[in-house]
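Please read the structure below before turning to the comments.
Derivation of every value follows stated rules applied to the coordinates shown; laboratory data play no part. None of these values were measured; they are calculated from a predicted model. Neighbour counts are summed over all protein chains in view; Cβ atoms, including those assigned to glycine, are modelled from backbone coordinates with ideal geometry.
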Amino acid sequence: MGIFGALQSAVSGLKAQSHAMENISGNIANSQTIGYKRIDTSFVDMIPDAPVKQQIAGAVSSYSRSMNTLRGDIQNADTETYMALNGNGFFVTEKADGSGGTFYTRRGDFDIDRNGYLVNGAGYRLTGLGMNNGVVTGSVAEAVKIDNSFLPAKRSTTINYQLNLPQSPKTASYVSTTPGSELLKPWSYSGDVMGTPIAPKISGMSPQPTTIPAYGYGNIVDPNALASTLSIPDGHQLTIDIQGTTRTYTFGPVAPQVPTAPPVTIASMLADIEGRLQLATGGNERVGIKDGRVFVQLDAGSTDTLTFGGTAAPLLGLSTVQSAILPAAYTSANMPADLMGTGGIHNKTLDVTVGGVTRKYLLDATGTLTAGSGVVKVDATGSMKEMLDVIQADLRAYGGAGASGATVNWDTTNGLVIDFPGNYRSDVAIAGTAATALNVVGSQNAATGALAKVSAANSELFVKESISGGGITVYSQTGEPVNVQMRWAKVSDEAGIATWSLFYASDSAPGATDAWTKMADYTFDQGVLSNITGNGSGVTVSGKERLTITDLSVNGRSFGSITVDHGLKGMTQFADNSGMATTTQLKQDGYGAGEFISVGISDEGQVIASYTNGETRAVAQIITASFSNPNALKRGDGGAYTATTESGEAIINQSGEGIVGSSTEASNTDISEEFTKLIVTQQAYSANTKIVTAADEMLQEALNMIR
């Protein structure tokens, strides 16, 4: 080949470097083109066939080498529909003019055109799979089109409601020192309460004397002291006059005188007088010690008069006498306690149980008894009133919350009445031998009544006895909004089992009849929800998770069936110092009609439309395509590529993986690198021109040889 071969090789070098220069020029020109993929130039030597020892360096050929797998920088963009691919793959597009064909691109500057399609800056429409209610419904990729029509209203069907109720609600009626003040009191709601509220009241009429006989009290004495300590001289007398008949008793050491010498005690001395008096009258008069004092009383039922005389009377303190009292004048204050009851009440017991708290009383009509452990001794030596006042005071102080307002009274009309006004929660039982004697043995269960609705007249009271459970706006079929306010009222709390009632504001309009309506009762066992009971036929309960209101009506407007869903373990009742309900979830699934305002791209690669009602809708799932050999794709205008045999078929990905919204991918051209290649290419081109010049001169010299 010789000089001509050298000349041809130099020319091929010029062509190859020109090709490289063209690629460098194109790369630099597109350094700001979105998603542009640069093209590098590769060189291949071309060796003619020749013996080994005669082989030459040969000419050169160039070819383009795509850099499709080299990602450009991801840049933020203000346009929400712009997107980039953070990884391999291509957006799947079609021509905006509808001419057909599938094109792949990394250019993600998509925006909405006048027809609602997402079109990039090169005029290619984005394709994806259609979606409905968040679920992919399409199977064939279609051009993504944004529908800017109104989003229709959706009726609310479910309220997701989860919260913790405080163990002790601090309502407006709550008083820390008053047990039960935190509870709802249904019996106070006149006209609204259902059932029959019962505050236990147990009474009984026991036999009473036909007459309270005359009696008199003397000095306070020690029954076990010697009679001689009374300093009654021998020969002194005590006269007891009964209805004009006088009995005289002379004191001295010798019978038949009343003995006073040691070892005679005061008690035995008075017993001696009692025996003589009963023998004389044939009755059952009493002479002895009562309430620590010398005491004389005529036979029960006697209306006779009683007077004392003699020199011994003042020494015994016997002077004033209570005359006989007829039934018409009986009062608890003048009725001697020991005259009451069948067989009397002395040394008998009275047991009063209120809501699990039992008080035991031992009645002592002589002042001589000793009570055992856990038993309260009650002095019954005085009047019924005095005895009952002691029992009443003890019940109020130690009988528990249900007995805090207890009253214990007796009168001739009602007999003994043990009443628990205001106690509608604690059951009462009365037992014991004294209860039998006084005819008050029995039990009565308390009943609070219940509330299914709260009238407007009682609304203020209800708000004071309940705590807020939050409020939420629900929507009708036409998108009409209404605020549903909820309140919780604790209705019982016994032995770790607490019951709450959930109410909602059913009518707040002026002149409304029912202001609040109960949804259901919730029972908590040690703070954990154990049961839900619906309020009547309008509420259906599903386990411990949800309830359905057949027809939710607020302010006269019906919103149809709505389910209140608490989820698993969504309702609890644990101690909270605030005393208020703590809502952890409160949302519903309805909304009003909304106008389209914008569209954006989610992290999952979904096209999301936003509306003025705050709702968003996934319009389409963007798909991407990858290839076994992406550098073998055929380039087209606008950064678009088509598949070739060498690239392989497109592998479609529907996951949206790697899609970044509000971003674009910059060109992967590196200006500094391109300028470096430019210098090298320029020098190589220049060197090849020198070869051409040198070869030309050599040819000239060869031609000059024949001159």
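A few comments on the model shown:
- Net charge of Cβ neighbours under 14 Å - reference residue 258; Lys, Arg +1; Asp, Glu -1: -1
- (i) 200, 58, 34; (ii) 90, 60, 54; (iii) 104, 60, 46, with the label sought being that of the calculated Cα extents along the principal axes in Å: (i)
- Net charge of Cβ neighbours under 13 Å - reference residue 638; Lys, Arg +1; Asp, Glu -1: +2
- Volume per residue that the Cα convex hull of segment 53-183 spans, once the total is divided by residue count, Å³: 364 Å³
- Measuring between their Cα centroids, segment 149-197 and segment 464-497 lie 6 Å from each other.
- The distance separating the Cα centre of segment 588-642 from that of segment 35-96 comes to 28 Å.
- In sequence order, calculated HN-Hα J values of segment 308-324 (Karplus, 6.51, -1.76, 1.60; Hz; x Gly/Pro): 10, x, x, 5, 7, 4, x, 5, 8, x, 8, 9, 6, 10, 8, 5, 4
- Centre separation in Å (Cα based) which lies between segment 367-422 and segment 281-307: 26 Å
- Residues with amide H under 5 Å from that of residue 192, placed H, sequence gap 5 or more: none
- On Cα atoms only, tilt of 266-281 relative to the major axis of the chain in degrees: 60 degrees
- Under Karplus coefficients 6.51, -1.76 and 1.60, residue-wise ³J(HN,Hα) of segment 583-594 in Hz, glycine/proline x: 7, 9, 7, 8, 8, 9, 9, x, 6, x, 5, x
- Violating pairs (Cα-Cα greater than 30 angstrom) within the set 201/385; 464/587; 201/453; 385/490; 201/348: 385/490
- Whole-Hz Karplus values for segment 469-476 come out as x, x, x, 8, 8, 10, 10, 7 Hz, taken residue by residue from phi with 6.51 cos²θ - 1.76 cosθ + 1.60 and θ = phi - 60°; glycine and proline positions read x.
- Pairs from the table (95/677; 15/95; 15/37) lying more than 27 angstrom apart at Cα are 95/677; 15/95.
- Given R0 = 56 Å, the distance between the Cβ atoms of residue 303 and residue 586 translates into a calculated FRET efficiency of 0.10.
- Sequence-distant residues sharing a close amide H with residue 531 (under 5 Å, placed H): 523
- Prolate/oblate/rounded label for segment 488-570 (Cα gyration tensor, a/c 1.5): oblate
- Near the amide H of residue 484, within less than 5 Å, lie the amide hydrogens of 472, 473, 474, all on another chain or at least 5 residues away, with H placed in the peptide plane.
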